[in-house]
Amino acid sequence: MIGPLNHVGVAVPNIEKAIAFYRDIMGVNDITEPKDLPPQGVTYAFVNLPSGQVELIQPYGEKSPISKFLKRNPKGGQHHICFEVKDIHEASIFMAERGMRVLNEPRIGAHGTLVVFLHPGDSGGVLIELMESPKEDH
Ligand code: CO
């Protein structure tokens, strides 16, 4: 049912510092500029690796869903993993029918395609993001 692992989401208190870490210490030279995503309450940047991406997310605005996470993990930490699916509506129904709590209506995510999140209590403690695969792969 699920497709490729698209990215691992990492919550960070300071995205510029996190970018500097991946650039200067880990030696990654392909990192996107930070962008605000107000509907999701995050500022994000992607660390592009041959095998996939690390998504750095910093709270944006007062009601960011990752503020609580950062209160518990002030230095930041691994926050979610994201799998691609072909059709987000179909996948949401499939998961809900199997007792998974789907946390939101499909909404536009950082890749410009629809995403939903699944309750970590139903998936071994891992917050899972499902994202519709981009229609045109380059
Ligand atoms: Co994500």
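Every read-out reported here was derived from the displayed coordinates using simple, explicitly stated rules and does not represent laboratory data. Small disclaimer: the values here were computed from a predicted structure and weren't measured. We place every Cβ from the backbone using ideal geometry, glycine too, and count neighbours over all the protein chains shown.
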Tell me the net charge near Asp87. Cut-off is 12 Å between Cβ atoms, Asp87 excluded, with +1 for each Lys or Arg and -1 for each Asp or Glu. -1
Built amide H within the under 5 Å cut-off of His79, gap 5+: Gly9, Val10, Ala11
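For Leu37 and Ile93 in one chain, what is 0.36 nm times their gap in residues minus the Cα-Cα distance, to one decimal in nm?
Computed gain between Leu37 and Ile93 is 17.6 nm.
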Please work out how many pairs of lysine residues in the stretch 5-132 are eight or more positions apart (or on different chains) and have Cα atoms closer than 23 angstrom. 11
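Are there any trypsin sites (Lys or Arg not before Pro) in the stretch 32-69 that are in a DSSP loop and have at most 11 other Cβ atoms within 10 Å? List them by number.
Answer by residue number: Lys63.
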Non-local residues with an amide H under 5 Å from the amide H of Leu103, with H modelled 1.01 Å from N and Pro and chain starts lacking one, are Phe117, Leu118, His119
Charge dipole of the stretch 5-132 built from unit charges on the beta carbon (Lys, Arg +1; Asp, Glu -1), centred at mean Cα; most positive-end Cα among Gly109, His89, Asn73 is Asn73
Grab the DSSP H runs of the chain that are 4 residues or longer, score each as -39,500 (n - 2.57), total them, divide by all residues and round the 222 nm result to the nearest 500 deg cm²/dmol. -4000 deg cm²/dmol
Ranking of Ser64, Ser51 by count of other Cβ atoms within 10 Å, fewest first: Ser51, Ser64
